[in-house]
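The values are calculated or read from the model by the stated rules, or taken from the named source; none is laboratory data. Keep in mind that this is a model prediction, so the values were computed, not measured. Don't worry about glycine lacking a Cβ; one is built from the backbone with ideal geometry, like all the others, and counts go over all protein chains shown. Each accessible area value is taken on the protein alone, full model and side chains, heavy atoms only, with ligands, DNA and RNA left out. Shrake-Rupley method; radii C 1.70, N 1.55, O 1.52, S 1.80 Å.
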Amino acid sequence: MVVESSRQSTPGTSIHPAKKRKGATSAILEPSPAPSDSTSTSIVANVTLPARHDFFSRPRLTISRFPTFQDVPNVIYHTTEQLAMNRLGFRYTPAGVAPPGSALPCRTIESAPPRFRVSWEDRSSFIKVTPDGLGLLGERGFRSARCNTPIREGAWYMEVRIECGNGDRAPDVQDTNMREGCHVRLGWGRREAPLNGPVGLDGYSYGYRDKTGDKVHLSRPRSYGRSFHTGDVIGMYIFLPPRQKPDSADSHDPAHLKRERIPIEFKGQEYFESLEYAQSKEMIALIQYSNKASDTASLPSAPLAKKSANPKNLPERKVPGTETPTLRPLPQLRGSHIAFFVNGECQKVAFSDIYDYLPLCTTPASRKNDKENSKRRAREGAPREHKENPYDDGTLGYYPFISLFNYARVRINPGPDFDFPPPPDIEALLREGDEDIKPSYERSWRPICERYPEFMQEQWDLDAREEEEGKVEFAARAAREKVEAAKRAQKERRRQQAEAKKRVKEAELRQVAARASSIPRASTEPVGDTGDSYKPAVPSHLSAMMYLREDIEMANSPAPTAASSVDYRHIPDAGSEYESEPVEGDGEMPDGEGENDGNMEAENKSDGGDNGSMEAENQSDGVPSIDLDIEELL
């Protein structure tokens, strides 16, 4: 493990601590574990630890700290519990702190030993390994492991020695519950192939069985070659055409190289966390179709019994308006093929024109949804989250895929020294009988051990490209922040100017209010019973206009008296001014009326004293009296 010096914090970089996950987004559906595994291994143990705050003061590593193996006597195969192993749809790659002045916080580093071997992180937790990464031991049920280097183009060869397989029982394993012995399947698989199942389970892998020598793809065994047993050496050969070049005019071409990963810390070690490539619905539909019963119309069969009409036998009704989703075509690598050797004996081509390892091109609808989700998260200020990568991240390809059942054991030989070296021109051997192919004495294939340094260099080249892109992005972000800061400063100046104008206006309003408050106002005190001397309060600026002469006396209005109570029935009708002559009979008075009038006058005179006394009484009460004239009233 190489350790470099520490560095100061680089602006604009961050690292995220690993978090507990309740479930996986875009998780790959994997087969259930073996029946004996009542409960799976502890997932929480490999999930979270709080990150240290002094991240940039850590030593910069070029080799990962893990895994570590205990030196226990007579123990050959070990578990690696301190690793962040790939599971729940997430993938982990060792990372180290980047050098000083880097735009990105972490870079890709290697794991010990730095050579071709089984991947420490990319294997089932039930697969035990030797410290050199070349020996593997299984447990109950089929468990798989991928090696640490993908094949993306060219012709490559490796060997695997079967130390226990084809139904044999390991002598040092005393398990009375095992109904069957150990079995091995070997082959090549993509990143989407599940690890808790055998190679050849779906369309993402191609396998070779030890028990019958069948080849397996989409869980469909087909007759292929001879079976292999304990002690046999299996040669694995693959040829892939040159890698597809991305279309520069199509920004959505999956052949473009782009990585989507986030640096995290796990148990004191930095890792890159990324979403594993999910299985496509097209591939799932392909395996569902392959699992259907084959057409047996040409085979003799017994006549079908007549079934009763019950709900189970009724045909399914299609919901109107529902259409079968359009499936994208599955591209193939034309000219590619896979072959196997048993103790140096070629078993011919097992698979040809295998499926392309690049992801399928995204649809416009899915891109629109992803864009809307990104905009929504940006508006909400949500932190960065994992996204499915629709492009090639540089790790796609076909990996050597090893599946072990029960306590099977194998050992990998990546070369260059093989137990059964193949002929220099394997292609000529596979196409024997084709006159156009002439054998060559130059080696047309390469041992897979030479692929590891090439793959690591590809990853470091991607790191350098991402570093340059990060610097450009950092400069662009700094320019945007500068422009935004200028806009905020201008907005702040405008706000201050508006506040200054508002303060001036408020001061003017306060001055006007102060001048208005200096003018005396009418008294608002309640007016009591002041008698005859009561005078309303008048403001000073109106007193001159309402000045009264002192010689004018203010007399109280007389209160109403009894004299104003008149019987209107005895009021004579008012004559018209046009009546110049009296009407005959009007001037005469009937008998007795004169006496009544005299009596009334006498009564009025006699009431005069009473009226006088009432006026005196009203004046004594201080209430003004009013004299009403009957003629004026009429």
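Of all residues in the range 53-64, none satisfies being of a type outside the set (A, V, I, L, M), open to solvent by 40 Å² or more (accessible area, probe 1.4 Å) and modelled with pLDDT of 90 or more. Counting only residues that are under 18 Å from N86 (Cα atoms), open to solvent by less than 10 Å² (accessible area, probe 1.4 Å) and of a type in the set (A, V, I, L, M, F, W, C), the range 112-151 holds 7 of them.
Pairs are defined by a Cβ separation below 9 Å, a sequence spacing of at least 6 or placement on different chains, a first member in the range 347-376 that is farther than 30 Å from G235 by Cβ and free of Cβ contacts under 8 Å to residues at least 60 places away in the same chain, and a second member that is in a helix (DSSP H, G or I) and open to solvent by 30 Å² or more (accessible area, probe 1.4 Å); no pair meets this definition. Taking the criterion of being within 20 Å of F340 (Cβ to Cβ) and open to solvent by 20 Å² or more (accessible area, probe 1.4 Å), the residues of the range 386-414 that qualify are F405, R409, R411, N413. Among the residues of the range 263-282, those that are modelled with pLDDT under 90 and open to solvent by 10 Å² or more (accessible area, probe 1.4 Å) comprise K267, G268. In summary, strands (runs of 3 or more DSSP E) completely within the range 109-172 and bearing 2 or more residues that are not hydrophobic (A, V, I, L, M, F, W, C) occur at 118-123, 142-147, 154-164. Taken over the range 439-462, residues that are assigned to a helix (DSSP H, G or I), open to solvent by 60 Å² or more (accessible area, probe 1.4 Å) and over 22 Å from V97 (Cβ atoms) amount to 3. Within the range 152-163, the residues that satisfy the criterion of being touching a helix residue (DSSP H, G or I) at 6+ places or on another chain (Cβ under 8 Å) and buried (at least 18 other Cβ atoms within 10 Å of the Cβ) are W156, Y157, M158.
Scanning the range 395-415 for residues that are out of contact with any Leu (no Cβ under 7 Å at 6 or more places or on another chain) and more than 17 Å from D202 (Cα to Cα) turns up T395, F405, N406, A408, N413, P414, G415.
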